[in-house]
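Okay, so here's the structure we're looking at.
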Amino acid sequence: TFPTRPSTDLKAPRQKLTAPSPIRENAPDYKGVAARHAKAAGRLKEICMHDEILRLGPLHLYPERHRACWKSREVSLTLREYAIVALLAQQPGRDLRYRCLYDVVRGAGFAAGVGAEGYRVNVRAFIKRIRRKFRDIDPKFDAIENYPRFGYRWRSVQEGRSSETLSI
């Protein structure tokens, strides 16, 4: 005996291969799809509301979602930009080398640009885009400082620049 396998009779007349749509037929399995999606979205939103929040002066970081808010407004950062902001902001007042910032974005030892220190141009470009995004929200944003030929740092609240920008 041969095992039973599905087969097709090639001599049979052709049949339409389209089946009726369960949605069009109003099948009970598909009723309430929109309601179930809305309920699931609500649950996800509720879960997200319980994220850990790092409050660093006017900057709020949401590490689980890789989101940042400045003065209660979301800053639309890419994942790489978020990684740089998080590293800088969690160590306010500490100077971080260009290489350290680049390693966070591309991985330790990744080579880019021209020459042994070509990655510095890339870090500068990241910082420029990050500053622009923060300044779109707050034109007086000045929390990222440059340490020439070394790197960048996040200005600590105690350094007392404009109290408006750094108020808690």
Problem set entry | Dimensions in Å of segment 85-125 - Rg and Dmax from alpha carbons | 10.5, 31
Problem set entry | Solvent-accessible area of Glu64 with every protein chain in place, 1.4 Å probe, in Å² to the nearest 10 | 120
Exercise. Can you give the accessible area of Arg97 in Å² (nearest 10), computed on protein heavy atoms with a 1.4 Å probe?
Worked result: 140
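Got a sec? What order do Tyr147, Tyr62 fall in by accessible area at 1.4 Å, biggest, i.e. largest, first?
Numbers: Tyr147 100, Tyr62 35 Å².
Correct descending sequence by accessible area is Tyr147, Tyr62.
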Exercise. Between Arg99 and Ser76, what is the label-to-label distance in nm when each label sits 7 Å out along the Cα-to-Cβ direction?
Worked result: 3.6
Seminar exercise, completed: With segment 48-127 reduced to its Cα atoms and the Debye formula applied, log10 I(q)/I(0) at q = 0.13, 0.18, 0.19, 0.25 1/Å amounts to -0.44, -0.77, -0.83, -1.20
Exercise. Which sequence of Leu101, Leu87 reflects their accessible areas, 1.4 Å probe, from the largest down?
Worked result: Leu87, Leu101
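The values are calculated or read from the model by the stated rules, or taken from the named source; none is laboratory data. Nothing here was measured: the structure is a model prediction, and the numbers come from that model. Here Cβ is always computed from backbone atoms with ideal geometry, including for glycine, and neighbour counts include all displayed protein chains. All accessible areas refer to the heavy atoms of the entire protein, side chains included, with ligands and DNA or RNA removed. Shrake-Rupley method; radii C 1.70, N 1.55, O 1.52, S 1.80 Å.
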